[in-house]
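Take a look at the structure below.
The values are calculated or read from the model by the stated rules, or taken from the named source; none is laboratory data. In this text the structure is predicted, and so the values were computed from the model without any measurement. Glycine also receives a Cβ, built like all others from the backbone with ideal geometry; neighbour counts cover every protein chain displayed. For the accessible areas, the whole protein counts, side chains as well, though only heavy atoms, and no ligand, DNA or RNA atoms are used. Shrake-Rupley method; radii C 1.70, N 1.55, O 1.52, S 1.80 Å.
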Amino acid sequence: MKYLLAVIVLPLFALTGYSQNLYDFDNSAAFASYLRQTNQFNLAIPEYERLVYMKPGNLSLEKDLLTVYWEAELWETGINRALNLYPNENTVPSELAFEYLALLFKNKQFNEAKSFSENNTNLQAQERYFYSGTSDALRYEWKSAYESYSLLENNNFQSAQKYMAISKQALDEKRKSPALAAVMSTIIPGSGKIYTGDWKDGLVALLFVGTTAWQAQRAFQKQGVESVRGWIFASISFGFHIGNVFGSHKSAKLINLKKDEFHQNKIEHLFYSNF
């Protein structure tokens with residue numbers, strides 16, 4: 001239906017002016033805007049490409065082009081297009097920095113975003129602090145992020161307090177130690193899971209390892225070290241115990257990751273709200 005509307009609407013743009021050239025700049029700009037407003041981003045891209053071709057070096061049009069690539073979720077393609085316009089990313093104009101970084105962030109290229117923020121020669125100090133801090137926040141480097149955001153206060157940067165608050169909350173989060181969880185489960189089966197808050201799994205591990213170990217001990221006491229039953233229960237107990245040790249380590253890391261992702265999502269929402 002959207003494609004049909006596009007076909008119908010295109011000729012209408014020619015009727016709004018004296019010129020009958022459907023592909024002149026004004027008509028192309030109007031049509032590109034219409035496609036974008038109706039969320040037909042993939043169709044809007046070639047229209048904006050035409051506009052950029054018509055007026056090379058126009059930063060406003062290049063900004064719209066990168067934005068529509070972001071809206072179409074063609075993040076890697078948008079990054080490559082930006083680098084086609086500016087082969088040296090450190091010379092990307094500051095007017096396009098936000099859009100370029102938004103593409104990098106969505107494509108999970110946080111290290112590249114950090115490098116761009118630090119090395120681009122066109123960024124002002126407050127832009128550098130903001131982009132560098134956001135790059136750090138999205139890769140869970142909360143201390144560096146908070147330090148960068150703190151510098152924005154002196155520059156009267158809009159929303160600086162919000163970014164600072166989120167990164168400070170993430171920095172102050174109490175985290176679980178994966179190493180401690182693993183050691184605890186090694187000494188007392190299941191205790192590492194209990195430490196991470198997984199009481200049910202921890203108690204099951206304690207009961208299962210304890211029961212199978214007890215069965216193995218009974219069998220060895222009755223039949224000696226040649227007891228098949230003893231070795232079966234011992235193997236089951238040991239295998240489950242080792243799995244629980246690694247599981248406790250993983251559980252602690254997963255809890256920490258969920259906390260980081262929660263604050264990362266808040267930073268992303270705040271950042272992308274500028275679109």
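Within segment 159-193, can you find the residues that are open to solvent by less than 80 Å² (accessible area, probe 1.4 Å), within 19 Å of the chain's Cα centre (by Cα) and polar (S, T, N, Q)? Residue satisfying the conditions is S167 alone. Listed by position, the helices (runs of 4 or more DSSP H) enclosed by segment 26-131 that each have at least 2 residues that are more than 30 Å from Y146 (Cα to Cα) are 41-54, 59-71, 75-85.
A Cβ distance below 9 Å, combined with a sequence gap of six or more or placement on separate chains, defines the contacts here; from segment 247-270, residues that are more than 9 Å from Y140 (Cβ to Cβ) and touching a residue at least 40 places away in the same chain (Cβ under 8 Å) reach residues that are surrounded by fewer than 14 Cβ atoms within 10 Å (Cβ to Cβ) and small (G, A, S) in the pairs H249/A179; S251/G197; A252/A179; I255/G197.
Look through segment 132-141, keep the residues that are assigned to a helix (DSSP H, G or I) and touching a residue at least 40 places away in the same chain (Cβ under 8 Å), and return whichever of them is surrounded by the fewest Cβ atoms within 10 Å (Cβ to Cβ).
L138
Residue pairs whose Cβ atoms lie under 8 Å apart, separated by 6 or more positions or on different chains, with the first residue in segment 25-43 and touching a residue at least 24 places away in the same chain (Cβ under 8 Å) and farther than 22 Å from P56 by Cβ and the second surrounded by 18 or more Cβ atoms within 10 Å (Cβ to Cβ) and among the β-branched types (V, I, T), are F41/V68. Looking across segment 251-271, the residues that are loosely packed, with under 14 Cβ neighbours inside 10 Å and charged (D, E, K, R) come down to K258, E261. Residue count for segment 159-175 satisfying the condition of being in a loop (DSSP other than H, G, I, E, B) and touching a Leu at 6+ places or on another chain (Cβ under 9 Å): 1.
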